[in-house]
Amino acid sequence: MTQVDLEGWHDFAVATVGAAGALAGLIIVAVSVNVKQIIAGSALPARAGATIAAVAVILVSGMAMLIPGQGAEALGVEVLVFSMAALAFQADAAVRLLRSQDGPPLSARVSTAVIGIGQLTGGVVGGILLVTGDAGGLFWVAGGFIAIFVVSIVNAWVLMVEILR
């Protein structure tokens, strides 16, 4: 087992927590402004909830990275639990999206479902690696955070603008 240096990740954690807080606020505003259109869609409420859950992974995992004296194994458990909880939301959103008859064609719905679930891979794999003491888990977590940011920004755009087309 390799010793994992969490101190070196402090600035990354601070930056991601701040950015995730701002993004979560933007998504919640987008949902509140377009709630009628979101509720009208068969899969959009679940997609909105899954997007907020994914951003929450960054928020709470980044906060957990900032807990002084915490070991990598404990952080791994936390990241894994948070990621798996968000994965449950994503799986529900994927099922609803694939079953919906409104919206884009099936190929686009499949792509959206796969991307939604795939964005959480970094947190799941990273959490498992950290639990085993593998320092490489932090790079998986970082990659997962970046993937979640990208997907969530796209989802925020859909919930704010594309929904009105």
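When the test is whether a residue is farther than 15 Å from V158 by Cβ, more than 15 Å from the chain's Cα centre (by Cα) and either modelled with pLDDT under 95 or not charged (D, E, K, R) (or both), Q101 passes it. Of the set (1) over 11 Å from the mean Cα position of the chain (by Cα); (2) within 27 Å of A13 (Cα to Cα); (3) free of Cβ contacts under 8 Å to residues at least 60 places away in the same chain, all apply to A94 but (2). Listed by first and then second residue, the pairs linking a residue in region 26-48 that is more than 13 Å from E162 (Cα to Cα) and at pLDDT 95 or above to a residue that is surrounded by fewer than 16 Cβ atoms within 10 Å (Cβ to Cβ) and small (G, A, S), with Cβ atoms under 6 Å apart and 6 or more places separating them unless they lie on different chains, form an empty list.
The values are calculated or read from the model by the stated rules, or taken from the named source; none is laboratory data. Fair warning: this is a prediction, and the values are worked out from it, not measured in the lab. All Cβ positions, glycine included, derive from the backbone under ideal geometry; neighbour counts span all protein chains shown.
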